[in-house]
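Engineer: The structure's right below; bear with me while I get my questions together.
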Amino acid sequence: NNQNPVGPGGQDGGLHGLSIRDVNIGRFGDISIKDTWSDGLLFRGGAIDINIGCTDVEVSNVHVNNAGRNGCSVGSGRGISFTGCSFRNSSRTAPLAGVDIEPDQSYQRVEEISFTNCDFSDNAGPGFIAQKPGGVIENITLRGCTASGNTSAAIAFGGLSTTIVSKH
């Protein structure tokens, strides 16, 4: 329940739908996540220098609805692919995005991340955002994705290498 959390923490202190840390070569899919206090889906690495976090992970048919912060946050990782996923109705705590690519520390890297036929809609913030507040972001690809009904930008990029391919 993203209005009345149970447990310690707060916004970033836990209570994610699914937190994935330092996974190398993994697959998961056919999952529905809803009504989380913080991020619905979180990819991150350990708090050490030069940390790439998760590598070579395939995510398919994962649907996040009504996350309390972001539908999906990627703080560090390489070679993560999302296919047929949806990240909708994020609300409560900023940035309120469907997906937020957010390497916050200088040692964090997010590289070679792809989204194919995914939906980032009806969020209280942007549908999809990728900016470099502290770390490095390289090679983000969106292919055949949709973003509509978001309160701010549908898709926003800041200072990084990206490819957007229309489904038409």
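The values are calculated or read from the model by the stated rules, or taken from the named source; none is laboratory data. Note that the coordinates shown come from a computational prediction; the quantities given were computed from them, not determined experimentally. Here the Cβ positions follow ideal geometry from the backbone for every residue, glycine too, while neighbour counts run over all protein chains shown. The area values use the complete protein model at the heavy-atom level, side chains included, leaving out ligands, DNA and RNA. Shrake-Rupley method; radii C 1.70, N 1.55, O 1.52, S 1.80 Å.
Engineer: Six or more apart or on different chains, Cβ atoms under 9 Å: show the pairs whose first residue is in the stretch 22-34 and under 20 Å from Arg109 (Cα atoms) and whose second is open to solvent by 70 Å² or more (accessible area, probe 1.4 Å) and not basic (Lys, Arg).
Structural biologist: Pairs that qualify, where the first residue is under 20 Å from Arg109 (Cα atoms) and the partner is open to solvent by 70 Å² or more (accessible area, probe 1.4 Å) and not basic (Lys, Arg), are Val23/Asp56; Asn24/Asp56; Ile25/Asp56; Gly26/Asp56; Gly26/Glu58.
Engineer: Restricting to the stretch 74-107, and then to whatever is among the hydroxyl-bearing types (Ser, Thr, Tyr) and surrounded by 24 or more Cβ atoms within 10 Å (Cβ to Cβ), can you tell me which residue is nearest to Ile129 (Cα to Cα)?
Structural biologist: It comes out as Ser90.
Engineer: Does the stretch 140-161 hold any residues that are assigned to a strand (DSSP E or B), modelled with pLDDT under 90 and surrounded by 15 or more Cβ atoms within 10 Å (Cβ to Cβ), and which are they?
Structural biologist: Ala156, Phe157
Engineer: If you go through the stretch 63-73, how many residues are buried (at least 23 other Cβ atoms within 10 Å of the Cβ) and over 12 Å from the mean Cα position of the chain (by Cα)?
Structural biologist: Here is the first cut: in the stretch 63-73, the ones buried (at least 23 other Cβ atoms within 10 Å of the Cβ) are 64, 67-73.
Imposing the further condition that a residue be over 12 Å from the mean Cα position of the chain (by Cα) reduces the set to 68.
Residues that pass the stated criteria total 1.
Engineer: Take Ser114 and tell me if it is of a type outside the set (D, E, K, R), closer than 13 Å to Val74 by Cβ and either crowded, with 18+ Cβ neighbours inside 10 Å or in contact (Cβ under 8 Å) with a residue 24 or more places away in the chain (or both).
Structural biologist: Taking the combined requirement at face value, the residue satisfies it.
Engineer: Okay, moving on. Residues being within 14 Å of the chain's Cα centre (by Cα) and basic (Lys, Arg): count how many of those fall in the stretch 77-108.
Structural biologist: Going through the stretch 77-108 one residue at a time, the tally reaches 2.
Engineer: Can you say whether Asn61 is at pLDDT 90 or above, under 23 Å from Trp37 (Cα atoms) and among the polar types (S, T, N, Q), as far as the supplied structure shows?
Structural biologist: yes
Engineer: Read through the list (1) open to solvent by 30 Å² or more (accessible area, probe 1.4 Å); (2) closer than 16 Å to Ala154 by Cα, then give the number of the only condition that Gly125 fails.
Structural biologist: Gly125 satisfies every listed condition except (1).
Engineer: Check off (1) modelled with pLDDT of 95 or more; (2) surrounded by fewer than 19 Cβ atoms within 10 Å (Cβ to Cβ) for Asp119 and give me the number that stays unchecked.
Structural biologist: Here Asp119 meets the rest and fails (2).
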